[in-house]
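Below you'll find the structure, written out as structure tokens, and then a few comments.
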Amino acid sequence: MNAVKSYDPEKISVATLASHTALQILLAAHKHGFRTIALSAEVNMPFYKSFSFIDEVWPVTPSSLDKMDSELISRNAVIIPHGSMVEYFGPSITRLRTPIFGNRHLIDWERNQESKMKLLREAGIPTPRTYSSPTEASVPAIVKLYGAKGGRGYFLARNREELALKCSTLTEPYIIQEYVIGVPAYYHYFSSKMRGRIEIFGADIRYETNVDGRIPGLADPTFVVVGNLPLTLRESLLPKILKYGEAFAEAVERNIPPGLIGPYCLESIIRDDMEIVVFEYSGRIVAGTNVYAALGSPYSALYFGKPIDMGERIALEIEEAAAGNRLEDVTT
Ligand code: AMP
């Protein structure tokens, strides 16, 4: 049973791990009248305590999260999952009884690179070719370890010898993908159960050490993310990007009930023939939405008449769900 059934809709708290997009999530939650809880690593507690919009800062470690379940439920807390929470806390988030804003089953699904790609293909979205062994792969290829974090754990192979050699040293599971030539572009969407629609919210690109750094020929490309930059898309691309966002939401609906709830992202390379090839998705808020934190994204104004950020979009959905006694529709 979803614990949210026992919640007082007028006394909801919003909780998240103090990292990633926590500041925009909690600032907006506070603005919308929710109590805010930051679950923080001990070392970062003074930083998060210094902001008045965060009502409580609780110390947490990956092994202590389970023990906070009852306390979180007693505060009528809804957890907002984000990338760092999924990476560092892994399956312990989806085991919690505390309601999670979004679809917790999608978080589990995301952990397996192969099932991940299957979902995109089923949505009819162009994806890079995937190979099961170095011998059948075309080059250039990108190799991704299952447990890769923040771009760490990926490598590129320019020719077959390099691919065979590098793969032979791997001990963890990995997938080999066609390396698509073009520019990266990441699209932020929001699936609203309250308003029954998919919204295109914004886009970003990542700022990655040894691909964006000043390293001409000096180092192998690596994809370690240090930040994000806002991206304004050619308007002529927007209809297709929204169509892919909707197709993806439909594929999730068919495969992983109750479907997409809240923020998600499709991560793509746009080729020079303007074909969009999606190599990855995130079924929760991405750090790239921080580029619009506090300012609001240009596309959000198309729906709300004023720019809002993703934290605020989440708070608005929870507010509308609470007001309509529909918190069950936005949490799992
Ligand atoms: P990710 O952590 O999955 O977002 O990927 C890190 C970076 O690897 C992205 O920003 C892309 O630049 C690059 N990348 C991942 N997969 C591909 C691919 N199939 N083709 C080209 N570049 C890719």
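Only the coordinates and a few stated rules stand behind these numbers; no lab work does. On a predicted model such as this, the values are computed, not experimentally measured, just so you know. FYI the Cβ positions are ideal-geometry reconstructions off the backbone, even for glycines, and counts take in every protein chain you see.
Calculated from DSSP H runs of 4 or more alone, at -39500 (n - 2.57) each and per residue, what is the 222 nm mean residue ellipticity of the chain, nearest 500?
Dividing the helical sum by the residues of the chain leaves -8000 deg cm²/dmol.
Looking at this model, which pairs from 116/144; 31/306; 5/31 are more than 21 angstrom apart at the alpha-carbon?
Listed pairs above 21 Å: 5/31.
Strictly greater than 31 Å: what percent of every Cα pair in the chain meets that?
Of the Cα pairs, 32 percent sit more than 31 Å apart.
Can you give the angle from 0 to 90° between the axis of helix 22-31 and the longest principal axis of the chain, with both taken from C-alpha atoms, to the nearest 10?
Taking the Cα atoms of the chain, the angle to 22-31 is about 30 degrees.
Send over the semi-axes of segment 199-331's equivalent ellipsoid, whole angstrom and largest first, taken as the square roots of 5 times the C-alpha gyration tensor eigenvalues.
For segment 199-331, the ellipsoid semi-axes come out as 29, 18, 16 Å.
Please compute P(r) over all alpha-carbon pairs of segment 1-147, binned at 10 Å starting from zero, and give each bin as a whole-number percent.
Reading the bins upward from 0: 10, 35, 27, 17, 9, 2.
Across the chain, where is the longest run that never hits chymotrypsin sites (Phe, Trp or Tyr not before Pro) in a DSSP loop with at most 16 other C-beta atoms within 10 Å?
54-332
Once the other residues with Cβ under 15 Å from the Cβ of residue 165 are scored (Lys, Arg +1; Asp, Glu -1), what is the net sum?
Net of charged neighbours comes to 0.
Output the 0 to 90 degree angle, nearest 10, between the alpha-carbon long axis of helix 113-122 and the longest principal axis computed from the alpha carbons of the chain.
90 degrees
Please identify the GluC sites (Glu not before Pro) of segment 225-332 that satisfy two criteria: DSSP loop assignment and at most 15 other Cβ atoms within 10 Å. Which are they?
Of the GluC sites (Glu not before Pro), the ones in loops of segment 225-332 whose Cβ has at most 15 other Cβ atoms within 10 Å are 275.
What Rg and what Dmax come out for segment 83-135 when only alpha-carbon atoms are used, in angstroms?
14.1, 46
List the residues whose amide H sits under 5 Å from the amide H of residue 203, counting only those 5 or more places along or on another chain, with H placed 1.01 Å from N in the peptide plane.
Correct list: 188, 231.
Excluding residue 324 itself, calculate the net charge of residues whose Cβ lies under 14 Å from the Cβ of residue 324, where each Lys or Arg counts +1 and each Asp or Glu counts -1.
-3
Averaging the inverse of every distinct alpha carbon separation and then flipping it gives the Kirkwood radius. What is it for segment 92-214, in angstrom units?
17.1 Å
I'd like the orientation of helix 310-323 relative to the chain: the angle between its Cα long axis and the longest Cα principal axis, in ° from 0 to 90, rounded to 10.
So the helix axis and the longest Cα principal axis differ by about 40 degrees.
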